Every structure is written in structure tokens, then in C-alpha cells.
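Everything below concerns the one structure shown next.
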Amino acid sequence: MNNFSIALKSSNDLVVIMPKGYVNDLGAERLESTCEQFFNKGIRKVVINFSDMQYLNSIGASVFTGMVQKTLEYKGLLCFTNIKKIHLDVFNMLGITKHVKVFKEELEAINFLKGKK
Amino acid sequence: MKKKQQDLKRLLFNIASLVDLGQEVTSAKGIDEKMKTALYVVTGMFSVPKAGLFVYNADRHKLELVTCKGIKDADGTSIDVQTKYIKAFQKNTPYNISEARNNSFYERNAEAFRRLQAKTLIPLFAKDEFVGAICLGKRLSRTSYLHSEKDTLKVVASQMAITLHNSSLFKKIKNQVNENKKLYQNMRHIYHDTIQAFAAAIDAKDVYTRNHSYRVARYAVAVARELRWKAKEVEGIYIAGLLHDIGKLIIDKGLLNKGETLSAAEIQEIKRHPQISYDILSKIKFPWKDVVDFVKHHHERIDGTGYPDELKDPDLSDGVKILAVADAFDAMTTKRTYRKKLSLFDALREVNKCLGTQFDNRISKVFFKVLQKEIKGEIKEAQILPHLDKDFDPTIITTLLESITAELSY
Ligand SMILES: [Fe+2]
């Protein structure tokens, strides 16, 4: 549906992806393909800033599951930031956070990734 | 406490997902998009990055890929399935492919399973007809499926099976009116399955309340039908019956099963459950109205001494009054940790004793009447009788019911 969009900020070897609105239907697939495009370009450090994500259901969870899988396959680094508790609970429950680093703020994640090769 | 909170979150997430799935598969979307969405729902529920959905082609004895997630170059993948394998499949039940490593089904299709990175296979059956399969890869959580998760997968699988089955019918019928009706029927079916699974989880918490929710739902239906409620409203109270104690899921199990006398604080804790039920259910969009109201107030009493809101008679809806009687009657006629079960005779007298204070006269009278009719065999589909112990004397009970209802008529 049209209540979902993506904002992007990228610099050098790092990209910040911001899902906005409702991540609850196939429209959210774009998150996965966007992520893969950056991996293909050689950008392996990805931050997902969730501050504008309003709603997440299992379809959305599936999309993030896919992103984590891609990160593992491309040996990338994935960080989640600014997550509401309710969404973090879902990610924890699904074991998604086993494979990503979670930070409170976007800047913390960026600083962390800058120190990584 | 932490574990329990997690269990509840898990359950809520699953239910919300099942409701989403129900909406998706009954939507007006094309079958390909529906199946793709359905696959996303499943993979999201269990954090599986790689999965495929297959439809069965009976002419070719092959499962053919309809849609997949996370697998490159999977187009055209098919799996050989001979009739003997189909006979061995357990309907809509997930099984571990690697455990079947020695069998010829696995050997024959080893290449396809490897390409799909499949770990789990769920054969899809609509009633008795084999219609397809879901292949799931490794989970991100790296855990195996819990018992409850397997149950949820079964519900999901049966929904997807029905959808697949209907899609082939769709081509044959080409009658939009019929098709819409069928879709609506299926949606109801799916909601029922989902909610039934939920109810089973609630009743499993307390050893003494096994099937309590189900019986309460049935008893409530009996009364609602006798009151000539419309079919959709009857369905609503059935759902409310199934879910009325959902709040108990987050009350300590030890407390619910505690045999000895409870302290005041413990009683307060247990009394929180209707409010918790309300909090949980008000987040779910039900196609029936009033479900949430019925659930929240099933422990209210006519005299205003119930909970959580201490509502008095004129503020209580018929649905609430029905649930209150149904709930209490089932509690009386089954064994509880804190007391033996009452005989049917004693239970009916107990309900009678609480008329006008705990229970509503008019609604209780309908309850007595419908039970009477069921005992006399005047109701085609009995809702109460099948759940009662058969050791009562019908003449004695009928006489008792007659005298109580006669008294209530004055
Ligand atoms: Fe209750």
C-alpha cells in the first residue's frame, strides 16, 4: 500500500536505510532489494533506523529476516537503531537480533561501523 | 514471569499473523499474489529466510513451484511425488526433511531440496485432497520448532491448502457470486481455526479447565440460538466464549492451579483476567461486534458486585449475561482444584439459588429451557448435553427444570 516508503542516506562504505510507515505488505519487499543493491555495489555496512516505522507484522518481519540472511551471505554488518520496544520484542522473539547489533541512536551505530573494516 | 511474558508475546504475534493471513487469502487479490503474501506471513512468523510454495500437479505427479522467497534461480523447480508418498504424508503436518533422509522420496528429490535449502516440508491437504506443499529452510533463530509452533504451522498450512484448492476451483466455476460466498465461508472457517487454536492454548494453562472455553462457547450458542439471535451474532458469542479467559495466559499458572485457599492478594491477581483479556483482544480486529464487551464483563453480576467494572443489571448486555451463566455452569459441572465437581442436579440448583444476584432471571430461564429441550431430544444439534456426564436421571432433571422455569414465569 502507499503508507510505506523508504528514505536512504549513504556515504562511502555505509548506508542508512529508514523504513517509514507500515511495514505490513509486499510493498516492503523493496527494503530487501534495496539492501541487496548496496551489497552488490560493495557497501557492506548497513544501518536500519526504525524511528519512522509505525507498524510491523509478520510480512514485515519476513522482509527483515531476508535482510539479515542477505547480510550473512554477503558477510556484511547490519545495525538496527531507534527501535520501539514493541518492534524490538518481535525481533528478539524471532531470533533476528542474534545476527545484528542494536543501538539506541543512529549515530552510535555509525560510529561503531566506522571503527570496523 | 519473563518467560510467560515472552510466551504471550509470541502467541499474540502468531494470532495477529494468522488474522493477517486470513485477510490476505480471502482478499480479492490474484492467487499468485495471495500465495506469495501467505508465504511471507509464514516465513515472518518463524523467521525463515528461504522458503518455497508448491502446487501439486496430479497429471505429472509433481509438486511445481508457485512462489518462493530468498532463493535464487528456483524457477521451474519441481519435486517428484508418487502416490505412495502422498499416502504416507501426514496432513498439513511439518516434518524434518533430514529425518527422512533414507527414504526414497528424499533421495529422488535431493537435488531440488538442496537447491531450496529445505529443512522442513509441510504437505498441504484440503480435506483429503493433496494440493501442494511448503518447503521451509533453516530458521534465523537456529532453533527447532516447538510443539506449539508446529500446531500454529498446521493451522497456517490448512489455510493455505484451502486457498490453493479454491484457486483451481476458481477456474472451473467462473461464477463470481458463488465464489464470493465461498470466500466468505472460508474466511469464517479460517477465523474459527485460528481462534480454536488460541482457545486450546488458554485451556491448556490450567489442568482443570481443559476444553472449558470450548464448552462455554457451546453453551452460550445454545442460549443465543434459543433467543433467536441472527447467525452472525451467534457466531460472535461463540468466539467470545472461546476467548473469554484469554487473560489467564498471563496469570501465574501456579496460582490458577493452586488447590488451597487463596490469599486476598492472590484473588485480586486472578480477578485481573477479564481486564487483561480485554486489553489483548481490543487490539485485534474481529469481524463480529461486541466480542470484546462480552469478554470483559463475563464476571460481572446482576447485583453489581462482580468485576472488573461492578456493572449492574441494566448496563449488562444479554451476551454478557449469557456468558456469565455458561461460564459458571461449566465451572460447577467440572472438577476444579478447589472443589469436587457438582452433580448436574446440584449445579442447576446452585444456578437457581444465584438468580437475581449473580445471574439474570430471563437469560437463565432460557438456559434451563434449552437444556430441558435437549434432554427431551427436541433440539437437532444439542450444544450442552454432549458435554455433560451421562450419569444423571433425565426424569429427575426434567422435573427440576420444569419446576424452576415454572417458578420463574411468575
Ligand atoms: Fe473467567
Acute angle (nearest 10 degrees) that the helix B:212-226 long axis makes with the longest principal axis of chain B, alpha-carbon atoms: 70 degrees
Rounded tilt (10° steps) of B:176-204 against the dominant C-alpha axis of chain B: 70 degrees
Estimated dipole of the protein assembly as shown in Debye, rounded to 20 [Cβ of Lys and Arg +1, of Asp and Glu -1, Cα centre]: 1780 debye
Mean separation of Cα contacts under 8 Å (6+ apart) over length of chain B, as relative contact order %: 11 percent
Trypsin sites (Lys or Arg not before Pro) restricted to DSSP loop in segment B:361-410 with at most 14 other C-beta within 10 Å: B:K376, B:K380, B:K390
Loop-resident sites, segment B:24-101, for trypsin sites (Lys or Arg not before Pro), counting at most 13 other Cβ within 10 Å (DSSP): B:R60, B:K72, B:R101
Computed FRET value (nearest 0.05) for B:E64 with B:K150, which takes r as the C-beta separation and R₀ as 30 Å: 0.70
Spacing of the two label points (7 Å from each Cα toward its C-beta) at B:K29 and A:D52, in nm: 2.4 nm
³J(HN,Hα) computed for each position of segment A:69-78 - Karplus, 6.51 cos²θ - 1.76 cosθ + 1.60, integer Hz, glycine/proline x: 4, 4, 4, 5, 5, 8, 6, x, 10, 10
Cα gyration tensor category, rounded, prolate or oblate, for segment A:4-114 with a/c compared to 1.5: rounded
Derived scalar couplings ³J(HN,Hα) [segment B:234-247; Karplus, 6.51 cos²θ - 1.76 cosθ + 1.60; whole Hz; x for Gly, Pro]: 4, 4, x, 6, 4, 4, 4, x, 5, 9, 4, 9, 4, x
Simple Cβ-charge dipole of chain B, Lys/Arg +1 and Asp/Glu -1, about Cα centre, in debye nearest 20: 1420 debye
Average other protein chain Cβ within 10 Å of Cβ, residues B:138-145: 4
In segment A:1-87, trypsin sites (Lys or Arg not before Pro) in a DSSP loop with at most 15 other beta-carbon atoms within 10 Å: A:K41, A:K75, A:K84
Global form of segment B:271-313, assessed from the alpha-carbon gyration tensor, a/c cut-off 1.5: oblate
Share of Cα-Cα pairs in chain B lying beyond 29 Å, as whole percent: 52 percent
Dipole of the protein assembly as shown, positive direction: furthest Cα of B:I267, B:L116, B:V325, with charges on the beta-carbon: B:L116
For A:89-96, mean number of other protein chain Cβ atoms within 10 Å: 6
Volume of the Cα convex hull of segment B:204-404, divided per residue and given in Å³: 118 Å³
GluC sites (Glu not before Pro), loop per DSSP, at most 16 other Cβ atoms within 10 Å - longest free stretch of chain B: B:1-259
Whole-number percent relative contact order across chain A, with pairs defined as alpha carbons under 8 Å at least 6 apart: 23 percent
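A short reminder: the numbers here are calculations on the coordinates, not readings from a lab. Since we're looking at a predicted model, the values are computed, not measured. No Cβ is skipped: glycine too gets one built from the backbone with ideal geometry, and neighbour counts run over all protein chains shown.
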